[in-house]
Amino acid sequence: MHDQRDAAIPTPLREWLHRTRAAKAVLHAKEYRRTVINARETFDALIRTHVTERPEVALVRDDVVPGPDYAVPVRIYHPAPEQTRPVALFLHGGGHVAGSVAVYDPIARRLAVETGWIIVAVEYRLAPECPYPAAVKDSMACAKGVFRCLAAQGLRFEQRLALIGDSGGGALCATLSHLAQYEPAVSIAAQVLIYPSLDYSLSQPSVIENGEGWLLERERILWLFDSYLQGQENRRAVSPLFMDLTEQFPRTLVVTAEFDPLRDEGHAYVGRLRAVGLKAEYRQMPGMVHAFLNLADLVPEACNEAYEALARFLNDGP
């Protein structure tokens, strides 16, 4: 069922997908059961195996940002400590269940080098141990406290804040942008959402079209959402795709992948922003699957293009 679309995928990624599908079939034949342990282990191994370039950054330092009920660990990447640079919070992916600042370190380093911005990677709490809204609260605490944190470190920075997030981290960025519209203590200049999860109700067609065999699968998405949304949350109401928009909303870049089940919600989100007169850019990466930045060694050209696009977007605007 994948043959025709497989032809549109770069050979190294196509061959890797074939191996991944075969491995999945073997696991299911052995009555494999998904758990938090193997979900995190598999996700971390994916990045550690396929993102081997680790750029040098002039200053890398760990700190903690106080929150209302949790002190949030962060890692600061300053590409030019002798210069004043704008700041971007980076919220990593992993479906709210997996991922960490440590495993995303090479990606955060590259973001700092490519953009020239200070990148502050957030170690927000993960589900199922800490379900919704813990990660949202941690992200907001960092948005409110990041400038104080940098000042306490004696670092030079510009008081201009952007958000960058991939997948589940993109969901957190978009949620934070929504909340910041009504939060005088937070001003967000821009957000970059990389194959973001924006619709917890999974109402878009690509969830079915690309729901099996393309790395991220519908069955896994549902398991992740059940791990994260453990209360009586209205999944549509907590989805960034359906949240209120005002003129305070930041300018937005959304990057999606052609064979991603989340593709259509990214496209629909940009459509909503544009329909009310907000600045929004959209880029779909042909032949790519979800989490392609985590497969950088397999698809270096696509990753180069994505990093260049987000750096240009951040540095083109006020």
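A short reminder: the numbers here are calculations on the coordinates, not readings from a lab. What you see is a predicted model; the values in this text were computed from it and never measured. We place every Cβ from the backbone using ideal geometry, glycine too, and count neighbours over all the protein chains shown.
Things worth noting here:
- Between Tyr32 and Ile208, the FRET efficiency from the beta-carbon distance, with R0 = 35 Å, is close to 0.90.
- Percent of alpha-carbon pairs separated by more than 17 Å within segment 7-90: 72 percent
- Kirkwood Rh, Cα atoms: Rg over Rh of segment 159-221: 1.09
- Taking segment 70-90 and a reference point 7 angstrom along Cα→Cβ of Phe147, the backbone N atoms nearer than 12 Å belong to 87.
- Sparse-neighbour loop sites [chymotrypsin sites (Phe, Trp or Tyr not before Pro); segment 1-44; at most 16 other C-beta within 10 Å; DSSP]: Tyr32
- The value of relative contact order for the chain, using C-alpha pairs under 8 Å at least six residues apart, is 18 percent.
- Note on Thr246 and Val186: the model spin-label points, each 7 Å out from Cα along the C-beta direction, lie 1.3 nm apart.
- Quotient of Cα Rg and 2.2 N^0.38 Å for segment 117-159, N being how many residues it contains: 1.35
- Of all DSSP beta bridges in segment 3-316, antiparallel share, percent nearest 5: 30 percent
- Arg251, Arg34 arranged by Cβ crowding within 10 Å, fewest neighbours leading: Arg34, Arg251
- Enclosed volume per residue, in Å³, of the convex hull spanned by Cα atoms of the chain: 124 Å³
- Modelled label reach - Asn304, point 7 Å along Cα→Cβ, segment 86-123 residues with backbone N closer than 15 Å: 114
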